[in-house]
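Down below is the structure, laid out as structure tokens.
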Amino acid sequence: MSTVEEVKDALKSVLVPSVKRSITDMNLVHDISISEQQVKVVLASAGLAEEAQSWIEAKAKEAIENMNKVKEITLEFTDAKPKDLNDIHHIIAVMSGKGGVGKSLVSGLIAVALKRQGYEVGILDADITGPSIPKMFGITDSPAGSDTGLLPVLSRSGIEVMSINLLLPSQDAAVIWRGPLIGKAITQFWEEVLWGKLDYLVVDLPPGTADAPLTVMQTLPVSGVVIIFTPQDLTAMIVKKAVHMAQQMGKPILGVVENMSYLYVPEIDKKIELFGKSRGEEMAKSANAPFLGQLPIDPALAKLCDEGNIEHYNDDIVNKLGQALSQAIPS
């Protein structure tokens, strides 16, 4: 007679349409019961339209039929909310007190780095009025879903992404909302999107310490915060406000990243510090957190982001950033 574990293994081959992750990875397998040669499987219907449910039912039965000693298969769906199914081990909030320092860029690179280490990763784009994550990843598809929830869109390398820009009629449509609506949208991205099982969810925050960051800190079980800054005096002063916010909210600061640290000119083999000397160690000491690394001004990276190919960036600094971050987060 087949075992529950054998049935689970068989169901790993059944992918959720559009997301292209298995129903087990999306945590949709609610219950499996076996008696003699009969198998009953109950799946959660969260975020699944009727067509998706029918497709999954057919594929699941086919997968189980291929097992030995199974004569009868019963499969049914039960109602469930995405927030009750999501199983996310770590949530990393990427923030800064100032705009234009590269939070979205670093959020994207963190996700890419963690994915390359073999982790299951998602990005929640909480920058509602200035979303840029989909552009960097070359994602234009609208999320699938139903009245029970939304499904994230998968990047080329398998990173789950949810952003308001994926729900707008056009990429350049403006989101002209007051704070409460922005906060509600972020909450919905957390509670009404089926993220499934993830090792890391990276949250790209808008600049400042107002409504959106406050919503994330209060609503999501944030594991820790990564602070982004650039070397200028003015930026360092303002970014310290974000450090103080994280500390006052009781969220651990996992580390600081200095972006735009220098421009490397290969023709003369020299690093030019366009915005002044590095303040990485100073900021790390101020935040009482590790210095995770420096990111240069890299025209090649900028070009890849413009083309929607951030996942193709292969500089060693990305791998070092991912390793440093995974070590900074308690297991």
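Structural remarks
- Subset of segment 159-184 [crowded, with 17+ Cβ neighbours inside 10 Å and within 11 Å of THR129 (Cα to Cα)]: SER163, ILE164, ASN165, ILE182
- Restricting LYS103, LYS98 to residues that are over 16 Å from the mean Cα position of the chain (by Cα) and among the charged types (D, E, K, R) narrows the list to LYS98.
- Taken as a whole, segment 233-246 holds no residue that is out of contact with any Leu (no Cβ under 8 Å at 6 or more places or on another chain), among the polar types (S, T, N, Q) and more than 19 Å from SER104 (Cα to Cα).
- Within segment 168-209, the set of residues being in a helix (DSSP H, G or I) and aromatic (Phe, Trp, Tyr) comprises PHE189, TRP190.
- Hey, GLU307 touching a residue at least 60 places away in the same chain (Cβ under 8 Å) and either out of contact with any Leu (no Cβ under 8 Å at 6 or more places or on another chain) or more than 22 Å from TYR200 (Cα to Cα) (or both) or not: yes
- The strands (runs of 3 or more DSSP E) found wholly in segment 229-318 and carrying at least 2 residues that are touching a Pro at 6+ places or on another chain (Cβ under 9 Å) and farther than 17 Å from LYS103 by Cα occupy 263-265.
- Scan of segment 43-96 for residues that are within 30 Å of LYS240 (Cβ to Cβ) and of a type in the set (S, T, N, Q), ordered by number: SER96
- Complete set of residues in segment 260-280 that are farther than 16 Å from ASP298 by Cα and of a type in the set (S, T, N, Q): SER278
- Residue selected from segment 263-303 under the condition without any contact (Cβ under 8 Å) to a residue 12 or more places away in the chain and not charged (D, E, K, R), by the criterion surrounded by the fewest Cβ atoms within 10 Å (Cβ to Cβ): PRO266
- GLY108 being within 20 Å of the chain's Cα centre (by Cα) and on the phi > 0 side of the Ramachandran plot: no
- Those residues of segment 1-29 which are touching a Gly at 6+ places or on another chain (Cβ under 9 Å) and of a type in the set (D, E, K, R), in sequence order: LYS20, ARG21, ASP25
- Meets criteria (assigned to a helix (DSSP H, G or I), closer than 26 Å to ASN259 by Cβ and not acidic (Asp, Glu)) for LEU124: no
- Only residues that are assigned to a loop (DSSP other than H, G, I, E, B) and buried (at least 16 other Cβ atoms within 10 Å of the Cβ) were counted across segment 139-158, and they come to 7.
- Among strands (runs of 3 or more DSSP E) entirely within segment 1-105, having at least 3 residues that are without any contact (Cβ under 8 Å) to a residue 60 or more places away in the chain and either loosely packed, with under 15 Cβ neighbours inside 10 Å or in the same structural domain as LYS251 (by TED's automatic domain parsing) (or both) singles out 29-35, 72-78.
The values are calculated or read from the model by the stated rules, or taken from the named source; none is laboratory data. Given the structure is predicted, the values throughout are model-derived calculations rather than measurements. Because the Cβ atoms are built from the backbone with ideal geometry, glycine has one as well, and the counts that use them run over all protein chains shown.
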